[in-house]
Structures are given as structure tokens and as C-alpha cells.
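The values are calculated or read from the model by the stated rules, or taken from the named source; none is laboratory data. Please read all numbers here as calculations on a predicted model, not as lab measurements. Every residue, glycine among them, receives a Cβ derived from its backbone with ideal geometry; neighbour counts consider all protein chains shown. Calculation scope for accessible area: heavy atoms of the full protein, side chains included, ligands and nucleic acids excluded. Shrake-Rupley method; radii C 1.70, N 1.55, O 1.52, S 1.80 Å.
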Amino acid sequence: MKRFLLLLPLLAAGCSHCPVCGGEWGAAERARRAAEEAARAPEPASVSGSVACLERVTILPTYRIRVRLVNLRTGETVRQLEETGFASFPWPFTIDYDLRSLRRGDPHGLAAEILAEDTVLFRTDTQYPLSAERNAVGAHLVLVRKK
């Protein structure tokens, strides 16, 4: 009880240092929380390029163009960009994504397609691997008629 009474003035004064070790109150806890937040923080990245079609295509207002960032091993879509009302080719795109959303060790790439309603009319038939750069530029995707 006497020790508590001796520490009471320090606590009441708002001392920011531990009377036992002399360190800041809660410094270890703050450091741990900061490390956890840094581990959860997104790592923004982007890939940009264009989509072109080998055939001459009349683009109807109901057509949609879709570009996907996919895991090439599993086929899972990581991020997707879709737009209606595009007017011509080449169609420029930029997909923003979080580097942490990519599975380490798995290859990732880009795929594109043109849809009418829910029917795929044109799609990429070649794998376009994702560049290892954080902000990759120059992905040129070519569409062919779906067979």
C-alpha cells in the first residue's frame, strides 16, 4: 500500500515513463500495433495497356469489354475491369490492385473479352503474363473470335 501511495503522485502528474524501467508507457505495445498495421496495409500496384481486335468489329452499344487480372495456375480472377459504351480499338485500360492479393509463387496474367449480354464473342487466346514491376505499362492484349 505504501508503494502505491508513493507512485500515486507520479500517476497523477501524468508521467509518461515507467518508474521501474524508465521506458515509455506502452512503447512495446505501440510498436507491435504499428507492425501489425504495416503488415495489413495495402501495397498498391497497377498494370496498364490496351486491348485490340484482329478482326474489324462493329461495336454495338450493348457490348461490354472486360479485362481481368487472373491467377494463371488456378484461373481465379484477382481483379476485374469492365466497361460498356467503348467506341473503338485499341481500348486503353488501367487495373489497380493490391500486391498482397496475389498468391506468392503463382503466375499471374491478363485476359480480355468482349461480351454481348452474357455471351463471349471475342477473347484473348494467349497468356499475357503480369510483369513483375509494381506499375507495369505496355500490356497489349489481342482479341480473337471465340471458337
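Can you tell me which of (1) part of a loop (DSSP other than H, G, I, E, B); (2) open to solvent by 20 Å² or more (accessible area, probe 1.4 Å); (3) without any contact (Cβ under 8 Å) to a residue 40 or more places away in the chain; (4) not polar (S, T, N, Q) is the one Phe86 doesn't meet?
(2)
Assuming Arg104 fulfils every condition listed in (1) open to solvent by 20 Å² or more (accessible area, probe 1.4 Å); (2) closer than 18 Å to Glu43 by Cβ; (3) in contact with a strand residue (DSSP E or B) (Cβ under 7 Å, 6 or more places away or on another chain) apart from one, which condition is it?
(3)
Of the residues that make up region 124-137, is at least one out of contact with any Gly (no Cβ under 7 Å at 6 or more places or on another chain), surrounded by 18 or more Cβ atoms within 10 Å (Cβ to Cβ) and on the phi < 0 side of the Ramachandran plot?
Yes, there is a match, as at least one residue in region 124-137 is out of contact with any Gly (no Cβ under 7 Å at 6 or more places or on another chain), surrounded by 18 or more Cβ atoms within 10 Å (Cβ to Cβ) and on the phi < 0 side of the Ramachandran plot.
For the subset of region 138-147 comprising residues that are under 24 Å from Leu99 (Cβ atoms) and among the hydrophobic types (A, V, I, L, M, F, W, C), which member is least open to solvent (accessible area, probe 1.4 Å)?
Ranking the qualifying residues of region 138-147, first place goes to Leu141.
Let me spell it out: the conditions are (1) under 26 Å from Arg145 (Cβ atoms); (2) in a strand (DSSP E or B); (3) open to solvent by less than 50 Å² (accessible area, probe 1.4 Å), and Arg68 meets all of them except one. Which number is the exception?
(3)
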